[in-house]
Amino acid sequence: MFYESRLVTIKGLELQEIKSKGTVVQNSVGLGNLVHTGNQNSSPEETEVIRQAVADILGSATSWVDRLGEEKPVGLEDILIIAPYNAQVFDLKDRLPGARIGTVDKFQGQEAPIVIYSMTTSTSVDAPRGMNFLYSLNRMNVATSRAKCLSILACSPALFEPECKTPEQMKMANAFCRYRELATRTHEKYR
């Protein structure tokens, strides 16, 4: 599934917006159901949907209004694509040459008008480094807060039903599910 969140937290950010004639960002519609199974540290399904989403963003007269109210066209350099695992990063780089793609650690301190976060793993049980790594509050915060205006989450819907074994895991899962509650579900064009 894809969910998007429009961020407004710092003075001047209320002026920022993404404008597009494409289905990804116009009127909060765009990407859709990403059901997949058995994926651990790479997801061909998410890679393909993200490739299509980027093509839609770039091919649909998408622009970004910055905090000064200046409107600029969105280019590939204005999109960050983040994944928790290097294998997914490599797969994304193969499908989107020239794009800004990396792990959460690579983009700490950097920003872009649009961020796409690929969760990659099919279920919490499939997560190679465990649930504590995949659902880390810090990692989720860093990944989504890189967006100046629009944060898009790409993930399997099964990630919203994790098998928690500790109160700490419940806290992380709750924050992850809260993101979904506050976000707008996007259109299912890219199934």
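Of all the listed residues (V104, V115), the sole one being over 15 Å from F176 (Cα atoms) and in contact with a Ser or Thr (Cβ under 7 Å, 6 or more places away or on another chain) is V115.
If the requirement is being surrounded by 14 or more Cβ atoms within 10 Å (Cβ to Cβ) and under 11 Å from the mean Cα position of the chain (by Cα), which of these qualifies: A87, A112, A143, A99? Walk me through it before giving the result.
Values: A87 fails: under 11 Å from the mean Cα position of the chain (by Cα); A112 fails: under 11 Å from the mean Cα position of the chain (by Cα); A99 fails: under 11 Å from the mean Cα position of the chain (by Cα).
Matching residue, one of A87, A112, A143, A99: A143.
Among the residues of the range 33-46, the one identified as within 20 Å of F160 (Cβ to Cβ), out of contact with any Ser or Thr (no Cβ under 8 Å at 6 or more places or on another chain) and in a helix (DSSP H, G or I) is E45. When only residues in the range 24-46 that are modelled with pLDDT of 75 or more and either farther than 18 Å from R95 by Cβ or among the aliphatic types (A, V, I, L, M) (or both) count, which is surrounded by the most Cβ atoms within 10 Å (Cβ to Cβ)? Checking each candidate, the answer is L34.
Could you list, in sequence order, all residues of the range 116-135 that are closer than 15 Å to A87 by Cα and either within 14 Å of the chain's Cα centre (by Cα) or surrounded by 24 or more Cβ atoms within 10 Å (Cβ to Cβ) (or both)?
Selection gives Y117, S118, M119, T120, T121, L134.
Among the residues of the range 59-84, the ones that are aliphatic (A, V, I, L, M) and more than 17 Å from the chain's Cα centre (by Cα) come to 3 in all. Among the residues making up the range 147-191, a single one is over 22 Å from T37 (Cα atoms), surrounded by fewer than 23 Cβ atoms within 10 Å (Cβ to Cβ), within 14 Å of the chain's Cα centre (by Cα) and modelled with pLDDT of 85 or more: K148. Scanning the range 113-146 for residues that are of a type in the set (D, E, K, R) and either in contact with a strand residue (DSSP E or B) (Cβ under 6 Å, 6 or more places away or on another chain) or in a loop (DSSP other than H, G, I, E, B) (or both), which turns out modelled with the highest pLDDT? Checked the range 113-146; the qualifying residue modelled with the highest pLDDT is D126.
Please go through the range 58-75 and give me each residue that is surrounded by 14 or more Cβ atoms within 10 Å (Cβ to Cβ) and touching a Leu at 6+ places or on another chain (Cβ under 9 Å), ordered by number. Even if it seems obvious, please write down each step before you answer.
Of the range 58-75, the ones surrounded by 14 or more Cβ atoms within 10 Å (Cβ to Cβ) are 58, 60, 62-67, 74.
Hits for the range 58-75 are L58, W64, V65, D66, R67, V74.
Listed here are the strands (runs of 3 or more DSSP E) enclosed by the range 47-112 that have at least 1 residues being among the charged types (D, E, K, R) and out of contact with any Lys or Arg (no Cβ under 7 Å at 6 or more places or on another chain): 71-73, 100-102.
The values are calculated or read from the model by the stated rules, or taken from the named source; none is laboratory data. Just so it is clear, the model here is predicted, and its values are computed rather than measured. Don't worry about glycine lacking a Cβ; one is built from the backbone with ideal geometry, like all the others, and counts go over all protein chains shown.
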